[in-house]
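The values are calculated or read from the model by the stated rules, or taken from the named source; none is laboratory data. Note that this is a predicted model, so its numbers are computed, not measured. As a convention, Cβ positions derive from the backbone with ideal geometry for all residues, glycine included, and neighbour counts pool all protein chains shown. These accessible areas exclude ligands, DNA and RNA; they are computed on the full protein's heavy atoms, side chains included. Shrake-Rupley method; radii C 1.70, N 1.55, O 1.52, S 1.80 Å.
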Amino acid sequence: SEQTIAAQKTQLDRVQSEMKVLQQEMEHIRELHQSTQQDLETFARKNQKYAENLKTAVAKLKEFKHKNTTLQQQIETLTSTHKTQYDELMTQNTTLTQQHSEIAEKLN
């Protein structure tokens, strides 16, 4: 009957309308997914660059630590050498002062 046909057409229109809404939502989801995928790829590149920078920084830090240790050893060696030379000069100075006193006494 016509009522049945009209009811089926109304139902068909409603279903088609709902399908159109669902298709629009799916398209929106696709766009979000694509945007998220691009964000993830960007993040992955930045993360890779960060990892490389971190690796470089660690290598430079190790190199700095090694140089610092070497410099500390050199400073310790120079300090020890300087102390030894200072002690030797003070001994020589004491000896020369004694000799000077002895010569001065003999001259007087």
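Here the Gaussian network model covers the chain, with springs between Cα atoms less than 10 Å apart; of 69, 77, 97, 97 fluctuates the most.
What's the carbon and sulfur percent of the range 1-88's accessible surface, probe 1.4 angstrom, rounded to a whole number? Don't skip to the end; give the middle numbers.
On the way: 4990 of 8570 Å².
Solvent-exposed carbon and sulfur of the range 1-88 make up 58 percent of the total.
Toward the positive end of the charge dipole of the range 1-93, with +1 on the Cβ of Lys and Arg and -1 on the Cβ of Asp and Glu, the farthest Cα among 50, 78, 16 is that of 78. Which of 72, 34, 23 moves the most in a Gaussian network model of the chain with Cα springs under 10 Å? Evaluated over the chain, the most mobile residue of the options is 23. In whole Å, how far is the Cα centre of the range 75-95 from that of the range 7-74? The two parts, judged by their Cα centres, are 65 Å apart. Against the main long axis of the alpha-carbon atoms of the chain, helix 2-107 sits at an angle near 0°.
In this structure the range 2-108 gives 98 Å² per residue of accessible area when probed at 1.4 Å with all protein chains present.
The lysines within cross-link reach of residue 67, meaning a Cα-to-Cα straight distance under 29 Å and a gap of 8 or more places when in the same chain, are 49, 55, 83. Divide the volume of the convex hull around the Cα atoms of the chain by the residue count and you get 115 Å³ per residue.
Sorted largest first by accessible area at a 1.4 angstrom probe radius, with every protein chain in place, the residues 27, 88 fall in the order 88, 27.
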